[in-house]
Amino acid sequence: MNKTNWKDRYNPILVACIIVAFCAALYLMQIRVGIEKRSDTVEQTLDYQAICMMAQREGYSSDKLLQQFKDAGVTTLIVYDATLERLDREKRISAMPGDVLQKSAAGVHHGDFDAILALPSLDPDAVYVTRGQDEEAWTEVKEDLFLRYGEERVKVISQAPEILEVKGDSRLLLEPDYRAKTPMMQAPLGLSVKELREVQQKGFYVAVRPQNYLPYTRKGVDSLFARIDKANVQVTTYIPCGTDVTGFPKDIAYMGQKLTERNIRLGLLEHVTQLQFAKFAGLDDLLRAVDNNAVRVLNIDAQENSKLMMPDALRRWALADEERNIRVNYVRLFLKPQNGVDIIDLNLDYMRQITRQVKGRGYKIGVAGVFQKPGEAVAASANGNPGFAGSYDPDRKALLLVALGAWAALALYVGMIIPTFKGTKQYILVVAGMLVTAYSLFVGRGLTIRQALAFLSAVLYPVLSISVIMTLWENIKTDDRPLLGVIFTALWQLALAIALSLIGATLNGSIMGDLRFMLEADIYRGVKLTFIMPVLLTLLLFLRQYSIFNQDPAKPADLFNQLVQICKTRLTLGHFVMLGVLLFVAYIFVGRSGHTGGVPVPAIEIKLRLFLEQVMYARPREKEFLIGHPAFFLAVLAAYRMAPNWCKLALVLGAVIGQGSLVQTFCHMRTPAMMSYIRAADGYLLGSALGIIAVIAVSILMPYVKPWLRRFTLNE
């Protein structure tokens with residue numbers, strides 16, 4: 001390999017810029033770590049009505065079952081909107097579809113509707129509602145019917161007794177139809193003050209999931225909070241339900257104001273793909289309206305939950321709390337026995353084990369912790385929820401210094417690819433980049449420039465780290481280093497490469513280190529491109545510095561000519577086989593990145609993940625310990641055994657995959673920063689073990705492989 005002056009390749013001033021940027025990034029990262037550590041409480045929630053229905057079906061005392069769930073670690077019960085069907089079943093009001101009433105004789109529903117049975121105007125496409133045993137529920141139902149359906153559809157058809165006729169879909173569905181609007185008997189009808197009180201009286205906090213009022217009026221928002229205030233309960237979280245947030249589209253700011261006045265957190269339901277959160281119309285605007293006073297909520301989809309065995313579901317909760325900053329475990333109950341255990345014992349054991357695992361990972365159980373700007377502790381609000389100090393946004397001057405590291409890395413790389421791009425030209429690039437960054441950061445929020453800076457850091461630092469290692473290899477003169485010496489060299493060189501890559505990772509973690517990224521309201525864009533670009537950039541760098549067609553170090557490499565020569569290479573069946581293998585690997589490599597690639601995970605890999613989650617603090621990523629780090633060890637062996645440059649290139653490209661994956665880990669801002677650092681360390685340990693095995697195996701096979709390598713190199 002060509003010997004190069006270190007100062008010529010790595011401009012000392014640009015290196016100094018990177019050191020300054022790294023120091024600023026460490027400053028911002030320690031603030032972020034502090035914010036994450038202070039949010040150390042997990043709230044465990046169940047659906048209040050689901051518990052009551054389970055007790056009813058099993059002939060069990062609901063009060064006793066609720067107490068048992070409380071003892072098992074449930075802190076909060078979720079209250080949904082009441083429905084005419086449920087209130088009628090509980091005899092709190094009476095409701096009956098018109099088509100049923102037309103066929104009914106006197107005395108139906110204890111005679112509640114006898115006064116209208118003879119009316120010729122009885123409409124089969126309407127629901128008829130009257131008071132039952134709960135006068136408060138009757139008052140709430142009347143209010144909500146007029147709010148939701150208006151006077152055009154709701155009218156009083158009897159005064160004594162008072163009976164309402166509500167025009168609309170009067171069907172009763174046995175199974176929900178997600179393709180159509182819910183019929184009136186099962187449609188949302190506002191929160192029940194009685195249920196809110198019952199939950200708190202039984203020793204639980206309250207979370208609410210009301211649906212928006214359509215057609216929307218501000219009176220709907222006022223009614224929601226009037227009932228919460230009337231019940232005088234501690235509501236910890238509002239989790240949207242349906243298709244849009246309450247207050248959409250006209251009064252999202254008003255809804256945010258009402259939540260803020262009561263310090264009720266906004267619950268963000270994590271999407272099933274683990275990418276951002278479930279979409280509700282107006283959710284992002286509401287998040288801004290509450291100044292990011294929000295918590296991430298995990299819930300397993302009902303259909304998926306019905307197929308899961310308890311042990312498979314159990315492993316998700318504490319892991320998600322730790323790895324994805326989930327702070328509300330919204331647990332869905334199992335509805336049928338498993339392995340000979342009835343549903344009550346099954347679900348109680350399920351909750352006990354979730355609680356045990358969550359506590360085992362160092363979390364407290366209580367009102368969910370929230371991310372907020374650092375500072376003095378804020379007093380609890382009037383409803384008892386912990387105070388919220390406000391949203392955290394990193395210091396812009398510190399962010400500007402961090403940006404220096406991204407632009408300096410770009411200038412270094414361009415200088416390596418273009419020999420004439422040195423000195424003054426590199427400085428001009430950095431200064432221009434800093435001016436653009438300063439304008440973007442101080443005039444607006446700078447989201448676009450921060451995404452760009454994060455992308456530069458994610459794709460350049462893995463390449464620069466590998467470049468430093470390749471420069472170290474240029475001093476190799478002979479292939480007589482013993483195998484043990486090669487292994488020790490690979491160990492410290494991989495550690496150095498990881499340390500250099502972690503500089504870029506730290507820049508990434510600080511550039512995107514505000515609450516919106518941590519909540520995944522904003523996400524890093526271009527995940528798949530981030531996996532591809534380090535490989536392509538390393539390929540260009542290698543071809544620029546080293547010749548794969550000529551081993552003579554006295555002859556300089558020529559990037560353009562080598563690319564032309566590659567394009568002119570005669571393709572044989574062997575080439576097509578190798579190309580097919582590479583394309584398949586690329587498909588898996590890219591398709592498996594992120595959470596929406598569509599490439600299935602093999603069962604054996606799932607078992608491997610489960611095993612690593614049990615034995616290691618943070619499960620390392622497969623691209624690091626299965627591909628990148630073993631390839632790095634083999635690249636070191638190839639360098640010290642004077643292997644052909646094309647062979648080194650193939651292994652170096654494999655090695656940079658591991659470095660790119662390591663940096664890309666820090667693009668998942670929902671993952672705590674310290675866990676990402678520990679994951680890198682765990683990946684180093686496991687990858688090194690596999691790398692040592694690979695080096696020993698190849699060394700044993702080397703006498704048989706060397707003649708083939710020579711023949712292949714001569715033919716090429």
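The values are calculated or read from the model by the stated rules, or taken from the named source; none is laboratory data. Model, not experiment: these values are computed from the prediction. Don't worry about glycine lacking a Cβ; one is built from the backbone with ideal geometry, like all the others, and counts go over all protein chains shown. Side chains are part of the model used for accessible areas, which takes the heavy atoms of the whole protein and leaves out ligands, DNA and RNA. Shrake-Rupley method; radii C 1.70, N 1.55, O 1.52, S 1.80 Å.
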Worksheet item: So for the pair His271, Asp291, with labels modelled 7 Å out along Cα→Cβ, what separation do we get in nm?
Response: 2.9
Discussion item. Could you work out what % of the accessible surface of the chain is carbon and sulfur, using a 1.4 angstrom probe and leaving DNA, RNA and ligands out of the count?
Written reply: 62
Worksheet item: What ³J(HN,Hα) values, in whole Hz, does the Karplus curve 6.51 cos²θ - 1.76 cosθ + 1.60 give for the range 658-664 when θ = phi - 60°, with x put for Gly and Pro?
Response: x, 5, x, 5, 4, 5, 5
Practice prompt. Using a cut-off of under 19 Å, list every residue of the range 395-439 whose amide N is near the label point 7 Å from the Cα of Asn5 along the Cα-to-beta-carbon line.
Written response: 412-427
Worksheet entry | Candidate lysines - alpha carbon under 28 Å from Lys230, same-chain residues fewer than 8 apart omitted | Lys64, Lys70, Lys91, Lys142, Lys155, Lys194, Lys202, Lys219, Lys250, Lys258
Worksheet item: Under a no-solvent Debye model with one identical scatterer per Cα of the chain, what's log10 I(q)/I(0) at q = 0.10 Å⁻¹?
Response: -1.01
Worksheet item: What is the set of long-range amide H partners of Ile78 at a cut-off below 5 Å, with H atoms built 1.01 Å from backbone N?
Response: Leu46, Asp47, Tyr48, Ala207
Worksheet item: Residue separation times 0.36 nm, minus the C-alpha to C-alpha distance between Gln102 and Cys567: what's the value?
Response: 159.2 nm
Practice prompt. Over the chain, calculate the relative contact order: mean separation of alpha carbon pairs under 8 Å at least 6 apart, over the residue count, as a percent.
Written response: 15
Fill in: Directionally averaged shadow of the range 119-196, computed from the convex hull of its alpha-carbon atoms, nm²
6.3
Discussion item. Given an 8 Å cut-off on Cα distances and at least 6 residues of separation, report the relative contact order of the range 305-374 as a percent.
Written reply: 35
Worksheet item: Can you give the FRET efficiency for Arg218 and Leu610, using 1/(1 + (r/R0)^6), R0 = 56 Å, r = Cβ-Cβ distance, to the nearest 0.05?
Response: 0.65
Practice prompt. Name the long-range amide H neighbours of Phe371: under 5 Å, sequence gap of 5 or more, or other chain; modelled H, no Pro or chain starts.
Written response: Ala294
Worksheet entry | Inter-probe distance in nm under a simple model that places probes 7 Å from Cα toward Cβ, at Thr448 and Ile157 | 5.9
Discussion item. Shape verdict for the range 17-137, please, from the Cα gyration tensor: rounded (a/c under 1.5), prolate (a/b greater than b/c) or oblate.
Written reply: prolate
Worksheet, complete the sentence: Among Leu287, Trp317, Asn305, the residue whose Cα sits farthest towards the positive end of the charge dipole of the range 218-331 (+1 at Cβ of Lys and Arg, -1 at Cβ of Asp and Glu, taken about the Cα centre) is Leu287
Practice prompt. Could you calculate the FRET efficiency of Tyr439 with Arg315 from 1/(1 + (r/R0)^6), where r is the beta carbon distance between them and R0 is 60 Å, rounded to 0.05?
Written response: 0.80
Worksheet item: Within the chain, what percent of beta bridges assigned by DSSP are antiparallel, to the nearest 5?
Response: 40
Worksheet item: For helix 629-640, what angle does its Cα long axis make with the longest principal axis of the chain, in degrees from 0 to 90 and rounded to 10?
Response: 0
Worksheet item: What is the distance, in nm, between label points placed 7 Å from the Cα along the Cα-to-Cβ direction at Asp395 and at Leu335?
Response: 5.4
Fill in: Dipole magnitude (debye, nearest 20) for the range 212-347, charges at Cβ of Lys, Arg, Asp, Glu
300
Discussion item. Going by amide H atoms built from the backbone, whose H comes under 5 Å of the H on Ser158, apart from near neighbours?
Written reply: Ile163
Worksheet item: Using heavy-atom solvent-accessible surface (probe 1.4 Å) with all chains present, what is the largest-first order of Tyr128, Tyr149?
Response: Tyr149, Tyr128
Item to complete: Give, rounded to the nearest 20 debye, the magnitude of the charge dipole that the chain has about its Cα centre when Lys and Arg contribute +1 at Cβ and Asp and Glu contribute -1 at Cβ.
Response: 3080
Discussion item. Just to confirm the number: angle between the C-alpha axis of helix 396-417 and the first principal axis of the chain, 0 to 90 degrees, nearest 10?
Written reply: 40
Worksheet, complete the sentence: Note, the range 138-154: 3J(HN,Hα) by Karplus (6.51, -1.76, 1.60, θ = phi - 60°), whole Hz, Gly/Pro = x, goes 4, 4, 5, 5, 4, 4, 6, 4, 6, 5, 8, 10, x, 5, 5, 10, 10
Worksheet item: What does the accessible area per residue of the chain come to in Å², with a 1.4 Å probe and no ligands, DNA or RNA counted?
Response: 44
Response to the item:
For the chain, the longest principal axis of the Cα atoms and the Cα long axis of helix 424-443 enclose an angle in degrees, to the nearest 10, of 10
Item to complete: Using only alpha carbon pairs under 8 Å that are at least six residues apart, calculate the relative contact order of the range 166-296 and give it in whole percent.
Response: 20
